[in-house]
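Contents: one structure, followed by commentary.
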Amino acid sequence: MTETFVERADWKPSSNPLHGLWALTNRELKKWYKEPVVLLLSLIQPVIWLGLYGKSLNFGALFTGTSFNIPGLNIPKSVLDQLGSQIMLSTFGTTDYFSFLAVGMLSFVALFTAMFSGMSIVWDRRFGFLDKILTTPVPRGSIIMAKVFSSTIRGLIQSAIVLVLAVLLGMNVSKITPIGIAGTFAALFLMVLGLSSVFVMLALRSTNWQSQMAIMNLLNLPLLFASNALFPAKFMPTWLQYVVKVNPISYATDVGRQLLLGSPGLNTLGFDFAYLVGFAAVFSAIGIALSWRYLSQ
Amino acid sequence: MGVLRVSDGSDGRLNFDEKLIVDVRGLTKVYNGRVKAVDNISFGVREGEIFGFLGPNGAGKSTTIKILTTLLRPTSGTALVVGHDIIRQPNEVRRSVGVVHQEYTADEDLTGYENIILIADLYGIPREVSKKRAAELLKLVDLESAAGRKVSTYSGGMRRRLELACGLINNPRLLFLDEPTLGLDVQTRVAVWGYIRKLKEELDMTIFMTTHYLEEADSLCDRIAIIDRGKIVRVGSPEELKASIGGDVIEVEVDGSTGEDLTSVIAGVGNVSEVKRSGSTGYRIKAKMGEEVAPLVIELLRSRGYRVKRISLTKPSLDEVYLEYTGRSLREEEADRDQLFAQRATLRRARG
Ligand SMILES: Nc1ncnc2c1ncn2[C@@H]1O[C@H](COP(=O)(O)OP(=O)(O)OP(=O)(O)O)[C@@H](O)[C@H]1O
Ligand SMILES: [Mg+2]
């Protein structure tokens, strides 16, 4: 039967299966790098967090800046200061909270871009663009992975900008090495890859961006607070520590703190990476599998 | 498979030896287990023709197109599109057809050119080829000068034409057009008709289109399927459909009447299907091919010694056909719909 209809295509289709994937990824990125305002806006929030939260919650000053005295005991200030930095060091793994938070912010920014990967698929559905690309022979998995990759790339670039800003704002750079940076971003890459897949999956069938927004808001802060990004997990209640232990953000942050600040880690680097690789692999695989089934009705 | 069919023609299937580029068999789509949008339809589209789906709001036109272009899975039934099964060979179907959706689907943040190239990439067309084709298509739809502008700055007509260009990028044998002129002003609509004819005549494309504009179906389509509430009511060429409701109406007035009833005389003329006397000297005749019947009637009456004082010929419009088969008039709906579409488009943009 097929032979009775002559193929009209006057070209040989590209044999590269990633042809469409790259085109779709680039489409997403274009919207971002061609609109500096969008880029700028997406950086404002973490910068505010860094600037206000990181600088105002000056935990270090609690111990070092003030001179408190316990009557009857005459402790010299130098001893107090040392005591303070010891407490800081044992709590945050570094002597200033700002540096501690800055590393957490890298994960936070990446998390935030990952969330929007889900939003963009809802937009595409609403505006009919998804219907249009679903009628082309592009692999359904490519449609999903383009969302995931583009938000991963955006997340990493935004994290890099935040890192530069943090250094400018006074992050402790004494332990930073190129390898440390590379390792940190590798961990962030795996984290965003997995998280983006999760959020894209949640949006696969959705046509309603309000509900998608609600999901984002619901997950956004809990994911952040139930991790070690803002505060060390060891002071959290036990049940919360369990959540922290499955939260991939904790692992990426843990890698960052070890490699950028030289802090003692919660886990070995090897374990952190193994967890992140597993997380990214499992969820992107599920995402691709579900896309074939659920992208169209 | 699917090439040879026997049928009486009235249900849209075709006769022996006909090659069907779309062969639909018992297609049904139920949304959410409740809404029966398409109800067991079967029909065939011949290669090289412009086949139109004519029907009102919610008739199931878009649903049918979405199923045939593999966007939706049918609840039951199947179809062969360009020889490929839509369920078992969706990728082959996607490769060989083009689609222009009812809604504007281009990416507003990209330029017209970028949109076309993007779609070309999704078909796996190498860049050397797609650049050339994009240029040709932009020329075809008169968008060369706007190609570098963001789609968000386009007018409705420009968007439609861009959609058309995107739908043609893979040089399909078969093009699906879902309400290609919806929301366009009359002038732009006529221009789009021109493009569609050009595709058929110059590029040998088969076109499957939906519309709720009677004029559009009438002047553009070789054959029409009237669809109502998910069911195909009737299939045929516009002429056949009009003829099927009894044909043209001829009204004659005879001079110098003796009061004699000429009904049976007139009924004897070939192709006349119905004669009614109105008043003492007037007759209302229903006939196929009225232009040929009218002179015969005059001649016959004259040969019997009567003089025809006045004669008029009215061709039935598709609206009457539509009314006949669905019990509703489509014309009233047209205006409402245009308004609705405009509203929807503004709302969407506002939300975006
Ligand atoms: N995704 C959906 N979920 C549920 N019902 C749907 C869905 N899409 C369409 N319908 C319903 O199916 C029926 C047919 O819709 P369809 O869009 O195919 O009609 P149409 O002939 O294209 O109408 P229009 O001329 O308005 O475009 C309608 O009753 C519609 O409400
Ligand atoms: Mg429709």
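Values as computed for the structure displayed
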{"read-out": "Ellipticity estimate at 222 nm from DSSP helix runs (n ≥ 4, -39,500 (n - 2.57)) divided over the protein assembly as shown, nearest 500", "value": "-16500 deg cm²/dmol"}
{"read-out": "Most mobile of B:227, B:41, B:125 in a GNM of chain B (Cα contacts under 10 Å)", "value": "B:125"}
{"read-out": "Positive dipole terminus of segment B:246-313, leading residue within B:287, B:275, B:247 (C-beta point charges)", "value": "B:275"}
{"read-out": "Table column - 3J(HN,Hα) (Hz), segment B:210-217, Karplus curve with 6.51, -1.76, 1.60, x for Gly and Pro", "value": "10, 6, 10, 8, 5, 4, 4, 4"}
{"read-out": "Per residue value of the accessible surface for segment B:5-241 (all protein chains in place, 1.4 Å probe), Å²", "value": "35 Å²"}
{"read-out": "Of all accessible heavy-atom area on the protein assembly as shown, the percent that carbon and sulfur account for (1.4 Å)", "value": "59 percent"}
{"read-out": "Relative contact order %, chain B, counting alpha carbon pairs below 8 Å whose residues are six or more apart", "value": "17 percent"}
{"read-out": "Part-to-part distance (alpha-carbon centres) for segment B:39-63 and segment B:98-177, which is given in Å", "value": "25 Å"}
{"read-out": "Dipole magnitude of segment B:246-313 about its Cα centre (Cβ charges: Lys, Arg +1; Asp, Glu -1), debye to nearest 20", "value": "100 debye"}
{"read-out": "At least 50 Å² of accessible area lost relative to the chain alone, listed for segment A:114-129 with a 1.4 Å probe", "value": "A:126, A:127, A:129"}
{"read-out": "Difference of contour (0.36 nm per residue) and Cα-Cα distance, residue B:292 to residue B:271", "value": "6.6 nm"}
{"read-out": "Cα-based reach from residue B:315 at 16 Å (exclusive), listing lysines while leaving out same-chain residues under 8 positions away", "value": "B:242, B:286, B:288"}
{"read-out": "At least 30 Å² of accessible area lost relative to the chain alone, listed for segment B:19-64 with a 1.4 Å probe", "value": "B:19"}
{"read-out": "Over segment B:246-313, volume per residue of the alpha carbon convex hull, in Å³", "value": "68 Å³"}
{"read-out": "Those lysines that a straight Cα-Cα span of less than 18 Å connects to residue B:19, excepting residues fewer than 8 apart in one chain", "value": "B:200"}
{"read-out": "Computed E for residue A:173/residue B:229 - FRET, C-beta separation, R0 60 angstrom, nearest 0.05", "value": "0.25"}
{"read-out": "Segment B:137-150 - phi-based ³J(HN,Hα) in whole Hz, Karplus 6.51/-1.76/1.60, Gly and Pro as x", "value": "5, 4, 5, 4, 9, 6, 10, 3, 6, 9, 4, x, 9, 5"}
{"read-out": "Reduction of at least 10 Å² in accessible surface, 1.4 Å probe, comparing all protein chains with the chain by itself, residues of segment B:119-167", "value": "B:119, B:121, B:122, B:123, B:124, B:125, B:126, B:129, B:133, B:150, B:166"}
{"read-out": "Gyration tensor (alpha-carbon) shape descriptor, segment A:175-297, a/c threshold 1.5", "value": "prolate"}
{"read-out": "With Cα atoms, 0 to 90° folded angle of helix B:156-167 axis to chain B main axis", "value": "70 degrees"}
{"read-out": "GNM result for chain B, Cα springs below 10 Å: residue of B:261, B:39, B:218 fluctuating most strongly", "value": "B:261"}
{"read-out": "Compactness index (Cα Rg / 2.2 N^0.38 Å), segment B:5-241", "value": "0.99"}
{"read-out": "Interface B:A - total buried accessible surface [probe 1.4 Å, Å², rounded to 100]", "value": "4000 Å²"}
{"read-out": "Average accessible area per residue (Å²) across segment A:239-297 - probe 1.4 Å, nucleic acids and ligands excluded", "value": "48 Å²"}
{"read-out": "Mean-position separation - Cα centroids, segment B:220-284 and segment A:94-131, in angstrom", "value": "69 Å"}
{"read-out": "Within-10-Å neighbourhood charge of residue A:135 [Cβ basis; K, R +1; D, E -1]", "value": "+2"}
{"read-out": "Cα Rg over Rh - segment B:80-136, Kirkwood", "value": "1.04"}
{"read-out": "Orientation-averaged projected area, Cα convex hull of the protein assembly as shown (nm²)", "value": "38.3 nm²"}
{"read-out": "Rounded to whole Hz, the Karplus (6.51, -1.76, 1.60) HN-Hα couplings of segment A:108-119, x for glycine and proline", "value": "4, 4, 5, 4, 5, 5, 4, 4, 6, 4, x, 4"}
{"read-out": "Kirkwood Rh in Å, taken over all unlike Cα pairs in segment A:159-234", "value": "15.1 Å"}
{"read-out": "Highest-fluctuation residue, B:95, B:310, B:328 considered, GNM on chain B with Cα pairs under 10 Å", "value": "B:310"}
{"read-out": "FRET efficiency, residue A:205 to residue B:149 (Cβ-Cβ, R0 45 Å, nearest 0.05)", "value": "0.85"}
{"read-out": "Selection from B:317, B:187, B:40, by position along the positive dipole direction of chain B (Cβ)", "value": "B:40"}
{"read-out": "Accessible area per residue, Å², segment B:246-313 with all protein chains present, probe 1.4 Å", "value": "57 Å²"}
{"read-out": "In segment B:179-239, the trypsin sites (Lys or Arg not before Pro) that fall in loop regions by DSSP, at most 16 other Cβ within 10 Å", "value": "B:229"}
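The values are calculated or read from the model by the stated rules, or taken from the named source; none is laboratory data. For clarity, every value in this text was computed on a predicted model and none was experimentally measured. When we count neighbours, we look across all protein chains shown, and the Cβ atoms used for this are built from the backbone with ideal geometry, even at glycine. Accessible surface areas use protein heavy atoms only, side chains included; no ligands, DNA or RNA. Shrake-Rupley method; radii C 1.70, N 1.55, O 1.52, S 1.80 Å.
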